[in-house]
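**Q** Please see the structure below; I have some questions.
What follows draws every value from the coordinates through simple rules; no lab data is involved. All values derive from a computational prediction rather than experimental measurement. Every residue, glycine among them, receives a Cβ derived from its backbone with ideal geometry; neighbour counts consider all protein chains shown.
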Amino acid sequence: MSTPQPPMPQTAPEWQAAESGYTSPIPVVRTHLGHAIASEWTKIRSVRSTMWTLGVFVLLVVGIGLMTGLVIAGQDADLGGESPLGLGFFGLLLGSMCLITLGVLTTASEYGTGMIRTTMVACPSRARVLAAKAIVFFLVAFVVTLVSATLIGMLHVAMLEGNGAKDPSGGEWLKGTVGVSLYLALLGTLSLAVGSLIRHSAGAITIMIGVLLAPLVVALFMFSDSLRDVQQALFEYSIPNQMSVFYANSLSESGPSGWDPVLIMLCITGVALGAAFAVQESRDV
Amino acid sequence: MIEAVGLTKRYGDKTAVYDLSFQVRPGAVTGFLGPNGSGKSTTMRMILGLDNPSAGHVTINGYPYRRLPNAARHVGALLDAKAVHGGRSARNHLLCLAQMSGIPARRVDEVLGVVGLHEVARKRSKGFSLGMGQRLGIAAALLGDPQVLLFDEPVNGLDPEGILWVRNLMKSLAAEGRTVFVSSHLMSEMALTADHLIVIGRGRLLADMSVKDFIAANSAGFARVRTPDTEPQAREKLSAALTEAGGHVLPEQDGALRVTGLPLPRISDIAHDNDVRLWELSPHQASLEEAYMRMTQSAVDYRSTTDQKAGLQQPLPPGALPPVPVPGQGQPGWYPPPPPQQGQPYAPAQAPAGTPAANPYAQPAGQPGQQAPQAPAAPAAPPANAPSADDLTKPEDAR
């Protein structure tokens with residue numbers, strides 16, 4: 001009992017002062033979306049799954065593209081005035097699975113590891129976090145797809161000059177590179193939104209692969225005449241067919257054409273992202 | 001300053017937290033105790049805006065967490081050390097958090113140094129031990145140099161050196177005027193670290209008072225009296241005399257007596273009057289653990305039972321005695337009897353003899369009894385004696 005009484009009365013005012021509390025010497029800045037984007041960029045580049053999925057993506061697009069190109073060039077086949085850009089389609093179709101995986105992982109892996117709680121404590125504005133994730137992922141996916149598609153397109157044009165392939169026009173180049181890249185980046189962003197909604201990596205990836213393949217598979221087994229229209233619509237609006245629209249070698253002549261697929265995917269992704277924004281606001285993390 | 005008012009959280013028909021109101025003040029370490037599943041983590045998540053309360057609200061410095069401008073610069077939290085992406089290096093993990101709040105990148109290296117992880121800064125956190133993960137979590141909490149800090153089980157998995165470090169860290173953070181709110185199961189640790197306690201059980205507030213008051217209110221100190229082993233009749237005699245004098249006597253296993261309700265000098269006088277020699281007469285102050293166990297006895301959801309191994313045991317050989325169970329296990333009455341109404345039964349009330357009686361904080365003996373566990377309805381009252389927390393513990397150490 002060596003502590004005398006005097007300190008006691010002083011504590012109350014001290015506390016009043018302490019309400020405003022300890023002040024950090026580090027200046028407090030006003031944070032905005034830019035900070036979250038910088039943070040998400042650090043996140044996406046600092047995990048191996050990004051390198052793996054994007055590496056496999058480039059490998060698939062360039063590898064399969066090169067093989068098809070070599071096979072056709074080796075067989076002296078005649079393309080009969082077709083655009084050689086369409087040969088890149090198969091690689092991109094398979095590669096889209098990688099983008100789906102990466103998109104889902106960008107959000108769902110945070111929920112899986114619990115990192116999301118750390119993130120939400122660091123930035124309680126959940127909308128800002130999701131927006132930053134979507135922007136960073138979209139840009140990464142777009143740039144990587146654009147580079148791969150352009151590279152394989154140029155290789156195909158160079159390889160198949162002697163096989164009767166026509167020289168693609170500027171519009172065809174734009175659709176075969178920027179168009180398809182926009183489409184795939186949006187597809188990946190849709191996966192990101194689904195990952196945020198489902199919060200479970202495996203579940204979200206399964207759903208997205210179902211979205212990618214199910215319409216085609218289901219349509220294959222619709223033999224009944226009464227279902228002819230449904231079958232047709234499923235074919236035309238299946239993701240592989242929408243992708244092939246960019247190369248004008250669509251499975252059917254009606255259905256989406258030109259830049260329609262980008263618009264369709266933009267709407268779907270917008271709706272999914274909107275749902276993800278709305279749901280995460282009220283949900284417990 | 002954290003302030004919860006009527007905080008309630010329901011998951012379906014299960015109520016995890018019910019009508020919890022408390023304040024956590026700056027300048028002190030406030031311990032947050034409760035059995036497993038009592039709602040500690042849920043409460044912490046609600047404070048941090050991760051879970052939305054079903055009713056009531058909680059604010060930090062007057063704002064709900066999600067409305068705080070640049071929250072990470074005001075509040076730092078260690079919730080779950082495993083809440084990191086294992087594939088990311090420690091430095092990148094902290095860097096992405098720093099960027100989120102506009103904290104300069106060199107601060108990352110600073111906190112890595114503070115928690116002693118600078119050598120493994122570039123290693124993936126997947127390979128970290130429990131203790132290293134805990135250090136990384138503490139680094140994340142310290143990153144924004146915040147005024148308010150929340151730690152959920154910070155010493156989990158730390159080595160003794162780490163535990164000592166965390167203890168001193170908490171105290172120094174509080175001494176700088178910050179609000180420090182720590183949950184823990186380790187009572188011995190809390191007794192050393194915390195100034196103030198908030199105890200919950202089954203999601204309800206059980207106590208909100210200083211550590212010293214808490215111990216005084218929830219467990220009796222006792223005197224251990226040992227008579228010469230060679231004279232069993234002296235023990236009987238003394239025991240009867242003490243009971244007659246109003247004491248409560250419990251025999252201990254090794255032949256000593258556990259006496260409550262009588263001050264030490266009185267016990268000595270009685271022994272002298274009855275012509276009984278004493279080998280031991282020692283005061284025992286109940287520990288925080290004891291006080292805590294008593295308070296939460298009825299609020300424990302997950303209770304262990306003695307392993308019966310029914311039907312699996314070999315029949316005992318003739319003449320052999322069954323093994324004596326370890327004292328305390330599965331025995332509800334192991335902890336000392338409840339304190340008499342007046343709180344402290346013996347010495348402690350008299351020990352601070354030199355203290356001026358005018359000191360309002362030197363007489364908490366009666367108070368805690370009133371505001372203690374039975375009254376979860378009066379959680380707003382404690383602030384009055386809360387300031388004493390710091391100063392009550394100091395003299396304790398000095399003795």
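**Q** What nm value, rounded to one decimal, do you get for the distance between B:T305 and A:L94 when each label is placed 7 Å out toward the C-beta?
**A** Those two pseudo-labels are separated by 6.0 nm.
**Q** Going through the cross-link list A:K133/B:K123; A:K43/B:K9; B:K40/B:K82; B:K40/B:K126; A:K133/B:K40; B:K171/B:K212, which pairs have a Cα-Cα distance over 22 Å in this structure?
**A** In this structure, A:K133/B:K123; A:K43/B:K9; B:K40/B:K126; A:K133/B:K40 exceed 22 Å between Cα atoms.
**Q** Next question, about the same structure. Sort A:Y237, A:Y183, A:Y247 so that the residue with the fewest other Cβ atoms within 10 Å of its own Cβ comes first and the one with the most comes last.
**A** In increasing order of surrounding Cβ atoms, one gets A:Y237, A:Y247, A:Y183.
**Q** To make sure I understand, if each residue's beta carbon is the centre and we count other beta carbons within 10 Å, what order do A:V279, A:V28 fall in, fewest to most?
**A** Ranking A:V279, A:V28 by Cβ neighbours within 10 Å, fewest first, gives A:V279, A:V28.
**Q** Over all directions, the average projected area of the alpha-carbon convex hull for the range A:171-267 comes to how many nm²?
**A** Computing the convex hull of the Cα atoms and averaging its projections yields 6.7 nm².
**Q** Please report B:Y11, A:Y111 as a ranked list, fewest other C-beta atoms within 10 angstrom at the top and most at the bottom.
**A** B:Y11, A:Y111
**Q** Ratio of Rg to Rh for the range B:222-284, alpha carbon only, Kirkwood?
**A** Value, to two decimals: 0.90.
**Q** Where does the range A:70-168 land on the Kirkwood hydrodynamic radius, alpha-carbon pairs, in angstrom?
**A** Mean inverse Cα-Cα distance, inverted, gives 16.3 Å.
**Q** Can I ask one more? Let me have the 222 nm mean residue ellipticity of chain A computed from DSSP H runs of 4+ only, each contributing -39500 (n - 2.57), with the sum over all residues rounded to the nearest 500.
**A** -24000 deg cm²/dmol
**Q** Quick one: Karplus J couplings for the range B:235-250, per residue in order, coefficients 6.51, -1.76, 1.60, θ = phi - 60°, nearest Hz, x for Gly and Pro?
**A** Computed from phi, the couplings for the range B:235-250 are 5, 4, 4, 5, 4, 5, 5, 5, 4, 4, 7, x, x, 10, 10, 10 Hz.
**Q** Could you work out how far apart the two model spin labels at B:R122 and A:A77 are, taking each label as a point 7 Å from the Cα in the direction of the beta carbon, and quote it in nm?
**A** 4.9 nm
**Q** Where the centroid of each part is defined by its Cα atoms, how far is the range B:1-70 from the range B:185-243 in Å?
**A** Each part reduced to its Cα centre gives a spacing of 30 Å.
**Q** From the phi angles alone, apply the Karplus equation (6.51, -1.76, 1.60; θ = phi - 60°) to the range B:45-62 and give each ³J(HN,Hα) in whole Hz, x where the residue is Gly or Pro.
**A** Whole-Hz 3J(HN,Hα) from phi for the range B:45-62: 5, 5, 4, 8, x, 7, 10, 8, x, 6, 7, x, 8, 9, 10, 10, 6, x.
**Q** Also: What percent of all Cα-Cα pairs in the range A:32-282 falls in each 5 Å bin, counting up from 0?
**A** With a bin width of 5 Å, the distribution comes to 1, 6, 13, 17, 17, 15, 12, 9, 6, 3, 1, 0, 0.
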